[in-house]
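The values are calculated or read from the model by the stated rules, or taken from the named source; none is laboratory data. It should be emphasised that the depicted structure is a prediction, and the values quoted were computed from it without experimental measurement. Heads up, the Cβs are rebuilt from the backbone with ideal geometry, glycines too, and the neighbour counts pull from every protein chain shown.
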Amino acid sequence: MSEGSDSTKPAEPVYRQIFGIAESLAGIDEVIATARQTIRVFDISLSNRGFNSPARATQLREFFVRGRAHRLLIALHETDLLERECPRLLVLLRQFPMSIEIHRTIAQARNATDPCVIADDHSVWHQLHFEQPRAVLALHSVTDALPIRQRFDEIWDLSEPAVSATTLGL
């Protein structure tokens, strides 16, 4: 093979607007599928985001199995619904306790209203406001993902550990 063959060529950026829940669920799956190291999630409660679907649990499990350094960082305003609405995610937390961190927002981060899922530094699903179905999807675009990643980092800095494999069921 010659240099610059298709197998090493970076994927072309994709950008599209999303207008419904089903499209958002598919978009989140697409973002997760592009992750090579870290998936970052900010949401109000993870309700209706597909994190309890068998397909999403399988997708995340495969992500963790591919690399010991793979991470899933989740920042939520409300963590109480996890046990009721996302038991499959909690099973993954028990299976991969060093790979998953779930935090609760504090201070000014509690004012954030724009859920997002970020793969590494290049792909993002970003809902403009949690009460509206509109979102944007940007795959393989550092330019589009960078400001959302920076926003996530600010939210993460204003959060505290909330759910761990050892505190489940307390």
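Matching residues to (1) under 17 Å from residue 97 (Cβ atoms); (2) touching a helix residue (DSSP H, G or I) at 6+ places or on another chain (Cβ under 9 Å):
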position	(1), (2)
19	no, no
44	no, no
54	no, yes
74	yes, yes
Open item on the list: Take residue 152 and tell me if it is among the hydrophobic types (A, V, I, L, M, F, W, C), touching a helix residue (DSSP H, G or I) at 6+ places or on another chain (Cβ under 9 Å), in a helix (DSSP H, G or I) and modelled with pLDDT of 95 or more.
Closed with: no
TODO: Check whether at least one residue in segment 78-95 is touching a Ser or Thr at 6+ places or on another chain (Cβ under 7 Å) and touching a residue at least 60 places away in the same chain (Cβ under 8 Å), and report yes or no.
DONE: no
- [ ] Out of 90, 46, 137, 73, report the one residue that is touching a Gly at 6+ places or on another chain (Cβ under 7 Å) and not basic (Lys, Arg).
- [x] 137
Task: Residue match in segment 36-48 (condition: farther than 26 Å from residue 141 by Cβ, in contact with a Leu (Cβ under 9 Å, 6 or more places away or on another chain) and aliphatic (A, V, I, L, M)) - done: no
- [ ] Taking residue 35 as the residue in question, decide whether it is under 19 Å from residue 156 (Cβ atoms), of a type in the set (Gly, Ala, Ser) and within 11 Å of the chain's Cα centre (by Cα).
- [x] yes
